[in-house]
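One structure below.
The values are calculated or read from the model by the stated rules, or taken from the named source; none is laboratory data. These numbers were taken from a predicted model, which means no experiment stands behind them. Note that each Cβ is placed from the backbone with ideal geometry, even for glycine, and that neighbours are counted across all protein chains shown. For accessibility, only protein heavy atoms count, side chains too; no ligands or nucleic acids. Shrake-Rupley method; radii C 1.70, N 1.55, O 1.52, S 1.80 Å.
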Amino acid sequence: MDNFAEQLVVKHPTSSDRAKKMIIFVGGCLMTVLLILVSVMMLGSGSFIPVLGLLLAAGTGYGTYFFMQETYVEYEYTFTNGELDIDKIIAKKKRISLLSVDVRKFTAFGKNTEAGEETADMTVIIGSDNIASHEYYADFDHDEYGSSRLIFAPDERMLENIKKTLPASLRSGR
């Protein structure tokens, strides 16, 4: 029988994310308005500058919208027969595969608050919603990333499937 679980996790914005979003919004709006004002002031000049300015203003407005959308991030966890795949979904349009790992290769697993110190050579992969109270960690060796730590926020169904597949040394006492 196949073990399968899927979960979608919405990343809650940090204060840094909110600041970036505000800078993009304010900067984009100011540039768009400035380009429109320059175009309007140059209307009587008889040159192509007003048309170019309006086209640039439209492009800046669209760019602002585009970059604002890029700040919306979700993570999708897919567990299939011991294999955990994590994808990052940006603006509900673009999907980036972050990680694919066999849970049987985990060397440590538990609540993120119980995690040991990260080593200097460790690659940290974050696929969490930024709510520390229910974050978990998993340490493992990965072919591509080397010594790695995954920080993620699995729900009960995902945790149940992961715990069934953990190596015996990690399963005892969980």
Over the range 59-101, the set of residues open to solvent by 50 Å² or more (accessible area, probe 1.4 Å), assigned to a strand (DSSP E or B) and of a type in the set (S, T, N, Q) is Thr80, Ser97, Ser100
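So that you can scan it fast, the table gives a plain yes or no per residue for (1) at pLDDT below 95; (2) out of contact with any Asp or Glu (no Cβ under 7 Å at 6 or more places or on another chain); (3) among the aliphatic types (A, V, I, L, M):
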| site | (1), (2), (3) |
| --- | --- |
| Thr71 | yes, no, no |
| Leu84 | no, yes, yes |
| Ile89 | no, no, yes |
| Asp102 | no, no, no |
| Asn112 | yes, no, no |
| Ile151 | no, no, yes |
| Ala168 | yes, yes, yes |
| Ser172 | yes, yes, no |
Of the residues in the range 139-156, those that are open to solvent by less than 10 Å² (accessible area, probe 1.4 Å) and of a type in the set (A, V, I, L, M) come to Leu150, Ala153
When the range 16-56 is checked residue by residue, the ones that are open to solvent by less than 90 Å² (accessible area, probe 1.4 Å) and within 28 Å of His134 (Cα to Cα) are Ser16, Asp17, Ala19, Lys21
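Can you name every residue in the range 87-111 that is under 18 Å from the mean Cα position of the chain (by Cα) and under 18 Å from Arg171 (Cα atoms)?
Step one: of the range 87-111, the residues under 18 Å from the mean Cα position of the chain (by Cα) are 87-101.
Passing the criteria: only Val101.
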